[in-house]
Every structure is written in structure tokens, then in C-alpha cells.
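Derivation of every value follows stated rules applied to the coordinates shown; laboratory data play no part. The structure presented is a predicted model; accordingly, all values stated were derived computationally and were not measured. Because the Cβ atoms are built from the backbone with ideal geometry, glycine has one as well, and the counts that use them run over all protein chains shown.
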Amino acid sequence: MLGRGIIKGFFETARNFCGSYYDRARLTTVQYPEVKMAPWENARTFPFLIYDGQDPIAGLRCTACTICAQECPAHCIEIVKATAKRADYLGKMQLQPKVFNIDIAVCMGCGICAEVCPFDSIKMDQIYDLLATVYDRRQTLDSVKTGQVHDQPGENHSLVLQLKDLAKSNDYFRLLHPTEAAAVDEARAEEQRKAQAKKAAATPPVAPATLATPATSAAAASIAPTMPSAK
Amino acid sequence: MNALDQIFVSTSHWLTGLTPASVQPLVSMALAIAGLMAVFGTCFAVATICERKILGRMQNRFGPNRVGPFGLFQPLADGVKMLIKEDIVPFSADHAVHFLAPLALTVPVWLAFAVLPFGRNMSAIDLDAGILFFFAIGSASELAVFMAGWSSQNKYALLGAMRAIAQMISYEVPLVLASIPVLMAAGSLSLPAIVQAQNGAVMGGLPRWNVFTPWGLAGFGLFMIAAAAESNRCPFDLPEGESELIAGFLTEYSGFKYALFFLGEYLGLFAVTGLAVTLFLGGWQAPAAALEWLPSWCWFAVKFSALIFLFIWVRATLPRLRLDQLLNFAWKFLVPLALVNLVVAVVWWQSGAWRFPGALELRWLFGAGLLAGPYLWLGRALKGGKPAPHQYRYAE
């Protein structure tokens, strides 16, 4: 019969209209500022830097190698190396960044920096409403207009994120990306364990000049020549 | 009952009586105009929020719920937004016509309210040719639409205006044809007289409204379809189709002028809905004598709101038509069916003297049969045969 489809359509909309008043599950809209959807585990927005331990600056994993800055397609990362070195988690002496700026007005969130980082230091954040929640819009606009990067301490309204804004704890990373964080933690623990074992093996025993030393020195000697060739 | 029923009329009389006799006609007119503008201006605001809320619910959304409790102040926010927006006029536009077009749309629409009877003794003027006046004024909006499209110096605006005019002219024919049986039944062009003609009840307790006759029911359907097209409502809103024409003749309008177009469109819808209530649903009359304790203007409001809800329901349900479908629908379906409806109406009155048992059923059956045949046949013709299989050519 002509017009049956139209009548069926009317019934469908009427059912929606009545149903949406008593069946809350029909309304799929998330009321954004009050309710926020949990982001997917692999969601990403801007990069951040991971630190271990308590001190955001001393515990930074970043070694200022600038690979991320070179790989960044948008050239939004600016790194100035510090002069002093400090020991990293493996006990190696590494550089540290003095300045690490990411211009999130330019950043496109591609995640290449996180992929190329050999130190698992730079990872992708999931905060998507920075301007609505953290920033004061007027001050942000001013900072964009004046090009001024440095703000009052503890407050950053500039779109250029600095070291103090970027440094976030490993716990935060575990919260965002549990699977990846677990894998990274395990790998780092393994490396650390190996390094300690190597160190323990390389360290001469307490009693010097015993018969046991030739074995270790021989082992050290066997490794030593390979090192330069590996480089 | 009578005091409450006539409260607007008596208030107006009382206020008019306070003024000197020489200005009384003017004051009376001004009061009627002020009342109409206040009521239907408010109606416009309420209709926008209701429409958005109902549309939302029909699509399983919340609808606006931010401004005020349950988003009830949304029309205020919309109004403020519209008023403080920049009024942009294209450099090469015809400035005078561009400025006049929204006015030319809104003013005639307001005039159309003058003849509608909103309650017992409640019509601003009782013209002898009220319905003629209504249709004449209603067709003035085509001029405004073309003014808007032409003066904008924009191809989308011009295309939208041309579409709108093709649509409005096409749908005016079934609109008028569908209301002709009503005029014939009432024997008058005056709208209050048409309401009076639907007074009382027929056998079986049904009120003597035109919609409860075969020709009235069909005419009501045709009238509502044509009314939706006439006021550019979904599913006939393709002159303003954003996906095809940006916004049709509204493309180059912004701010307050855009708001005026919006207002004009809604008021046009209200006016034609009011006319549908008057012609087919018994106007301000209560459905039964027992329900007359509710004032007549309340009954008008109830019927009016129900029809507006119907328009919103249609908008939530039906997708937009293509231009050729739209015009085919008017000329090949609605117009012939409206003509058949005239025959049905004549048969209904000629058989009105039948008194044998089962006469009413027989008359109904006859009317329904007369309409069903053309309905099915025209509908099938409208659908057309199977479309030719489409040949795709791929790049070599």
C-alpha cells in the first residue's frame, strides 16, 4: 500500500520520542563538561616527558639527545642541552635538557617523537580540553599575541609548554597507557638488572690478587675489544 | 464560562471605551494588533524551543538543555545572538531591495492573522472574503523570497529563490483546491462563518467538523501537505537546503534580517496552521457540548498546538525531497487528488438526503472508494517504473 513506509517512519519517531523519556539508555549523548568519556587507551593528543621518582627535573628520563626535535615534522620541539651530566637509571652519565619547549599550537599530535625516543622518555598525553579546563583563555590569547613564553612561576598560559609543564610522573603514564607502560617498565627493569649484573661481574671481588681474578679480567678483556668495533 | 470566554473581547472593549470616541476605531485596531503580535511573537519563541526539544527527543538526543532550567531560556539566548550579530550586506548587492526583502516577507504574514478567528467573536476583522484575503496575502511572500534571492547577487541565493517560487506557486494550487469544498459547504468566504457552519454534532456524537467527512479528511491531508510546502517546512525545505544550496535565498543574510526571515517563516506556518484549524477542525469550537467549559480560545490553542506538533513530527520523520520529486508530487499527485476530492464532496452533499439504514456507511464507503482509486493509481504513476540500471564508467 502506498505510504506504508511513511507511516512506519512516523511510528519509529513516535517510539523514540516516548522512549527517550523513560529509557535513559536511549540517550547516548554524554553531557560534556559535567560528564567526560574515558579516553581510549591509545588515544593521544600532545607529548609529555616522563620522570621517575619524586623530583620532576632530577628524575627526567630525557637525555637531550634531540632525536625527537629532529624527527618532528612540524618542528615544534626546542631543546637546549644542559652542560652538567648526571647518572641515569643504568648508571651511565647522560646529559639533561636545560630547556625543553613544545609549541602545542604547532604540534599536530602525530606521535612520531614518542616512537623515535630511545629512552622511553617522551610519550603522548591524553588531555584534550586544555584550553577549557587548565588555561585562562584571555591570558593565553595575550601570550599568543605578545609572543611571550615565560609566565609567572607555576602558571603557564602560553601555548608553548615548558619543561615544568611537560614533566609528568611515570605513574601518570601508567594510568594513561597501562599496557605500554607495563611493557616499558619491564624492559627498563630488565636492562637495569642486566646492567647491575654486569657491574657486579665487572667489579673486582673484595679480595685482590686471588686466582679468581684472571677469569673476570679475561671476560672483561674479551668484551673490551669488541666495544670499539661495535661503535 | 462566558466571562472567561470573552475576556479578551471585553477587555478590549473596556480599554477602548476609556478613550474619546473619535479615536476609538484606531485604538481598537491597535489593541488587536498589539495582542496578535504579543501572542504570536511569544508563540514563535516557544515554538523554536519546543521544536528543537521535540526533534531532539525524536532523534534520541536531549535537545538544548544549557540555558536556564531544561534549556527553557534558549530562545532568549538565540534572540540576543541574532540581534548582536554583524549585519553583512554583499558589496554588489542591491542594498535597498536586500533591506526590504525581510520586511516584505514579515509584514504580509502578520496581515494574514487579521482574518483568523481565534475564539468566539475573536477575529481582528470579519472580512466577507476572509479566506480570499488570506490566500492573496499569503502569496505575497513569494515576492519577498524572490527579492531576497535576486538582490543578494549570489548564484545560490538566486537558485534557492527560483526553487522556492516554483515550489510555492505549485503548492498554492492544491492548498486552495483543498479548501474549496469547505467554502462550498459553508457557503461563505468569511472565516467566522465557516466556523459557525461546523457547529453542532452529527449522528454518533461526532462534532460536525469538516475533517469527519470523507472529503474533509482527504482535504485536510492535502491541505496539511500543501501547507508544509507553502511555509518551506521539512520535507519541502529544499529552497534552503544547506547541503545543496548553502542556505538558498538566505545565503547572504545575517543577524537581524536573518532572524526576520526566520520569524516570517514561522509566522507563515502559524497562520496556515490556524487556517487549517478553522477550515477543517471546527475552529475554536469544543469537540462536544459537554466540553464547552473550556474557553473557545483555549480550544483553538489546543488544536493549533496539536497541528504544530504534527509539523514537527513530520520534520523529524521525513527526508527532504528532490526538486523534480517535489514538483511532480504537487502537479501529478496533489492537484488531481484535490480535483477528485471536489467530486467526492459533491457526491457527499447530493447523498445527504438519504435516510435509509446504513446510508452513512454507504456514503463513507463511496467517498473512500472514489478517493482510494486515484490515490493508488496516481501514487504508482508517481513512483514510475523501474529505473534504468546505472552504467558506471571507470577511469582506464
task: Provide a whole-number value for the mean count of partner chain Cβ atoms within 10 Å of the Cβ atoms in peptide A:14-21.
output: 5
task: Determine ³J(HN,Hα), in whole Hz, for all residues of segment B:103-108 in sequence, where each value follows from phi through the Karplus function 6.51 cos²θ - 1.76 cosθ + 1.60 and θ = phi - 60°; x replaces Gly and Pro.
output: 5, 5, 7, 6, 4, x
- prompt: Do you know the relative contact order of chain B, to the nearest whole percent, from alpha carbon pairs under 8 angstrom that are 6+ apart?
  reply: 19
- line: Residues whose built amide H sits under 5 Å from the amide H of A:Cys65, excluding neighbours closer than 5 in sequence, are none
- request: Give the residue from A:Cys65, A:Leu2, A:Val106 lying farthest towards the positive end of the charge dipole for segment A:1-135; charges sit on Cβ (+1 for Lys and Arg, -1 for Asp and Glu) and the dipole is referred to the Cα centre.
  value: A:Leu2
- request: Using θ = phi - 60° and the Karplus relation 6.51 cos²θ - 1.76 cosθ + 1.60, list the HN-Hα couplings for segment B:80-89 in order, rounded to whole Hz, with x at every Gly or Pro.
  value: 4, 4, 5, 6, 8, 6, 5, 8, 9, 10
message: Looking only at the protein assembly as shown, where both bridge partners belong to it, what percent of the DSSP beta bridges are antiparallel (to the nearest 5)?
response: 85
statement: Phi-derived 3J(HN,Hα) across segment A:89-104 with the Karplus relation (6.51, -1.76, 1.60, θ = phi - 60°), rounded Hz, x for Gly and Pro, is 5, 9, x, 7, 7, 10, 6, 9, x, 8, 10, 9, 10, 10, 8, 7
- request: Name the long-range amide H neighbours of B:Ile88: under 5 Å, sequence gap of 5 or more, or other chain; modelled H, no Pro or chain starts.
  value: B:Ser254
- line: Which residues qualify? For B:Gln153, with a placed amide H closer than 5 Å and at least 5 residues away or on another chain, they are B:Asp94
- prompt: Suppose every K and R has +1 on its Cβ and every D and E has -1 on its Cβ; what is the size of the dipole of the protein assembly as shown about the Cα centre, in Debye to the nearest 20?
  reply: 1280
message: Is there a quick way to get the dipole size of segment A:1-79? I mean about its Cα centre, with the Cβ of Lys and Arg at +1 and of Asp and Glu at -1; what is the value in debye to the nearest 20?
response: 760
field: Shielding of B:311-317 by partner chains, average beta-carbon count, 10 Å
entry: 4
query: Okay, helix-only estimate at 222 nm for chain B: each DSSP H run of n ≥ 4 adds -39500 (n - 2.57), divide by all residues, round to 500 deg cm²/dmol; what do you get?
result: -21500 deg cm²/dmol
statement: Inter-part gap, Cα centre of segment B:254-270 to Cα centre of segment B:293-357, in whole angstrom, is 25
- request: Over segment B:23-84, calculate the relative contact order: mean separation of alpha carbon pairs under 8 Å at least 6 apart, over the residue count, as a percent.
  value: 21
Cβ-Cβ FRET estimate between B:Trp14 and A:Lys164, R0 fixed at 60 Å, reported to 0.05: 0.20
message: Can you tally the net charge around A:Ser20? Count Lys and Arg as +1, Asp and Glu as -1, for every other residue whose Cβ sits under 13 Å from the Cβ of A:Ser20.
response: +4
query: Based on the Cβ-Cβ distance from A:Ala105 to A:Tyr32, what FRET efficiency comes out when R0 is 30 Å, to the nearest 0.05?
result: 0.85
- prompt: Picking from B:Pro192, B:Trp349, B:Ile180, whose Cα lies most toward the positive end of the charge dipole for chain B (charges on Cβ: Lys, Arg +1; Asp, Glu -1)?
  reply: B:Trp349
query: Given R₀ = 45 Å, FRET efficiency for B:Glu361-A:Asp23 by Cβ-Cβ distance, to 0.05?
result: 0.60
query: Picking from B:Phe366, B:Leu378, B:Gln285, whose Cα lies most toward the positive end of the charge dipole for segment B:264-396 (charges on Cβ: Lys, Arg +1; Asp, Glu -1)?
result: B:Leu378
message: Charges at C-beta only: +1 for Lys and Arg, -1 for Asp and Glu. How large is the resulting dipole of segment B:23-84 about its Cα centre, in Debye rounded to 20?
response: 320
- request: Could you let me know the centre-to-centre spacing of segment A:55-77 and segment B:156-200, using Cα atoms, in angstrom?
  value: 73
query: Gaussian network model of chain B, Cα springs within a sub-10 Å range: biggest mean-square fluctuation belongs to which of B:Ala193, B:Ala290, B:Ala229?
result: B:Ala290
statement: Taking N as the number of residues in the protein assembly as shown, the ratio of its alpha carbon radius of gyration to 2.2 N^0.38 Å works out to 1.49
